[in-house]
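Trainee: Got a structure for you, questions after.
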Amino acid sequence: MFLQEMAACFQGAVISSLDPEDFDQADLHGGHSPWFAKPGQHARLELSENLTCDALVVGAGITGSMVAERLTRQGLDVVIIDRELPGRGSTAASTSMLLWEIDQPLSDLSKAYGFERAARVYRASLEAVAGLKSLVAELGIVCGMRDKNSLYLAAGESSTDLMEEHRWRMRAGLPGEFLDHGRLRDSFGIVRAGALVSSGAADADPVWRTGCLRLR
């Protein structure tokens, strides 16, 4: 169902490069976001008078909401402002995926900055996803949070680089299992040289997660 919703969202869209000097917030997504399919959007109050607070957060998307929740937890008086309705900016363009794997492979980071520093980055990312899942459970936020595995596919015709990446990850104590061509095809129906399947990821409705965090 999710893939059907995403396909409907982007049907007829033209993919082009974006000039950072020539687009605004409205260009971050088009069509109808699947995250607005549910009724009962979170309301906002108009700012009609002067007020004071300990911290002012600009932006009521997922990042602003999480910052506000953390500051509020520390006992600060927090106000969030946004020119749009909560979650209507880049949050609405989210894929819903919460992945701890970052863009740069651990093997490359290790060669550039040393293994210990690179491993700390990856472990911190894994812990961040786990922390977000725990926070959602602790606050009882209804956002469809589900544990997921991630699948990291080999890019070329060989799985050599991916096997090396797997060795680095095992050394760092990160979760994951290497699948060769046959196991990947049998398990997922995907024809690639290999893949890493790892636990610790998740997905969730980003707009509802934003609104519930903001209202806490």
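Trainee: How much accessible area per residue does segment 63-216 have, counting only protein heavy atoms and a probe of 1.4 Å, in square angstrom?
Mentor: 54 Å²
Trainee: Could I ask something else about it? So, how do all the Cα-to-Cα distances of segment 121-163 break down into 10 Å bins, in percent, from 0 on up?
Mentor: 22, 34, 27, 15, 3
Trainee: Using a simple charge model, +1 on the beta-carbon of Lys and Arg, -1 on the beta-carbon of Asp and Glu, nothing else, what dipole does segment 128-216 show about its Cα centre, in debye to the nearest 20?
Mentor: In total the dipole reaches around 360 debye.
Trainee: While we're here: Leaving ligands, DNA and RNA out of it, report the carbon-plus-sulfur percent of the accessible area of segment 99-191 at a 1.4 Å probe.
Mentor: For segment 99-191, the apolar C and S fraction of the accessible surface comes to 51 percent.
Trainee: Name the shape class, rounded, prolate or oblate, that the alpha-carbon gyration tensor gives for segment 147-201, where a ≥ b ≥ c are the square roots of its eigenvalues, rounded holds for a/c under 1.5, and otherwise prolate holds if a/b is larger than b/c and oblate otherwise.
Mentor: Since a/c reaches 1.5 but b/c is at least a/b, the shape of segment 147-201 is classed as oblate.
Trainee: Also: Please state the relative contact order of segment 69-215 as a whole percent: Cα pairs under 8 Å, 6+ residues apart?
Mentor: On the way: 188 pairs, mean separation 48.3, N = 147.
Here the relative contact order equals 33 percent.
Trainee: Once you have the Kirkwood Rh of segment 68-216 from its Cα pairs, apply Stokes-Einstein at 4 °C and 1.567 mPa s and quote D in µm²/s.
Mentor: D = 74 µm²/s.
The values are calculated or read from the model by the stated rules, or taken from the named source; none is laboratory data. Predicted, not measured: the structure shown is a model, and the values here were computed from it. Every residue, glycine among them, receives a Cβ derived from its backbone with ideal geometry; neighbour counts consider all protein chains shown. Please note that ligands, DNA and RNA were not included when accessible areas were found on the heavy atoms of the full protein model with its side chains. Shrake-Rupley method; radii C 1.70, N 1.55, O 1.52, S 1.80 Å.
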